Amino acid sequence: MKLRKKKPIKKKGINSVLIVAKQNKVGVHHAKKLEKMLQNKVREVHFDRSTAIRFRKIGHSIRKFNGDLIITLGGDGTFLWTAHKTDVPILPVKLEGQGFLCSCNFKQLAENLDRILKKDFVIKERIRLRCMRLPAGKLRKYMSTIRHSDYPLALNEIAFARKRPSKILNIEFKIDGVVFDMIGDGVMFSTPSGSTAYSSSAGGSMIDPSMEMISIIPLYPFFSKIKPLIVPKDKKIEVTVAGGDCALVIDGHGGDYIKKDSSFMIETAAPVKIVSLFEQNFYEKVRKNLMS
């Protein structure tokens with residue numbers, strides 16, 4: 001009796017793509033170019049709402065998109081803005097700017113398009129941070145059931161910074177019941193992805209993204225001995241604005257103005273999924289892009 005050979009299982013390819021472009025001439029031009037490249041190769045091609053308006057088309061909400069792949073065209077800013085809103089895998093393509101978080105440039109995208117549509121790539125996950133406002137007063141003890149997650153997830157950092165340049169800010173943050181008091185420009189909570197951006201400029205260490213942790217960086221402390229801290233990703237950090245006018249800034253995009261005595265919880269959230277076409281050496285990338 002002959003044994004039948006099992007047929008190889010075919011990998012499901014990409015059928016639905018959302019294109020998110022930087023809102024300038026370069027971004028819009030490449031969005032239209034990519035749409036033509038994808039014609040007759042995928043079942044559905046969508047644009048984010050801002051880009052679609054440029055083409056007099058109906059756009060698609062990034063938050064509601066549940067297709068196979070999102071391609072961002074621009075740089076780190078376009079990618080970060082998109083990463084706030086979705087759990088769908090993202091291929092960040094560099095058109096201009098630093099593009100440190102981007103996986104490839106547009107030429108490499110075009111050369112590897114067939115690979116991408118066959119899902120011949122690796123998905124790498126990077127942690128994000130969640131910022132939740134805590135209820136005040138007696139309701140605080142019930143925060144686990146009624147706290148709100150009304151801010152976008154942060155791939156880079158969450159910063160509590162002074163709103164008025166002439167006024168200092170008093171921030172308290174608590175880890176494992178231990179309270180740290182900081183007076184100065186504010187406090188930043190950064191992921192490893194953000195460690196090469198604002199965090200590094202503020203005196204934080206650059207961290208290999210394969211190491212999942214949270215960096216806490218005081219922003220120009222005023223007569224304080226407090227130093228940057230690195231804590232495990234499973235720590236929950238309670239933050240209270242003890243004094244001063246505060247601006248909450250998330251990845252340079254989302255944010256809020258915070259009143260005194262407002263409290264928040266910082267913790268890790270679901271990771272962002274980044275499509276990687278090539279093996280990239282983090283240390284070589286740091287040396288070439290940030291230290292040359």
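Just checking, does the stretch 95-103 include any residue being polar (S, T, N, Q), closer than 28 Å to ASN24 by Cα, outside any strand (DSSP E or B) and modelled with pLDDT of 95 or more? Among the residues of the stretch 95-103, not one is polar (S, T, N, Q), closer than 28 Å to ASN24 by Cα, outside any strand (DSSP E or B) and modelled with pLDDT of 95 or more, which makes the answer no. Within the stretch 241-262, take every residue that is surrounded by 20 or more Cβ atoms within 10 Å (Cβ to Cβ) and part of a strand (DSSP E or B) and give me the one that is nearest to the chain's Cα centre (by Cα). Among them, the one singled out is ILE250. Flag not set for PRO218, criterion: closer than 16 Å to ARG128 by Cα and either touching a residue at least 12 places away in the same chain (Cβ under 8 Å) or under 16 Å from the mean Cα position of the chain (by Cα) (or both). Set side by side, the residues ILE116, ILE58 differ, and just one is in the same structural domain as GLU284 (by TED's automatic domain parsing) and either surrounded by 20 or more Cβ atoms within 10 Å (Cβ to Cβ) or not in a loop (DSSP other than H, G, I, E, B) (or both), which is ILE116.
Which one of the conditions (1) exposed (fewer than 11 other Cβ atoms within 10 Å of the Cβ); (2) in contact (Cβ under 8 Å) with a residue 60 or more places away in the chain; (3) of a type in the set (D, E, K, R) does LYS273 fail to meet, given that it meets all the rest? All conditions pass for LYS273, except number (1). Listed conditions (1) in contact with a helix residue (DSSP H, G or I) (Cβ under 8 Å, 6 or more places away or on another chain); (2) free of Cβ contacts under 8 Å to residues at least 24 places away in the same chain are all met by LYS225, apart from (1).
In this structure, PHE180 does not qualify as modelled with pLDDT under 90, over 18 Å from THR268 (Cβ atoms) and not aliphatic (A, V, I, L, M). Please indicate, with yes or no, whether at least one residue in the stretch 106-113 is more than 18 Å from the chain's Cα centre (by Cα), basic (Lys, Arg) and surrounded by fewer than 19 Cβ atoms within 10 Å (Cβ to Cβ). Scanning the stretch 106-113, I find at least one residue that is more than 18 Å from the chain's Cα centre (by Cα), basic (Lys, Arg) and surrounded by fewer than 19 Cβ atoms within 10 Å (Cβ to Cβ), so the answer is yes.
The values are calculated or read from the model by the stated rules, or taken from the named source; none is laboratory data. Just so you know, these numbers come straight off a predicted model, no measurement behind them. Methodologically, a virtual Cβ is constructed for each residue, glycine included, from the backbone with ideal geometry; neighbour enumeration extends over all protein chains shown.
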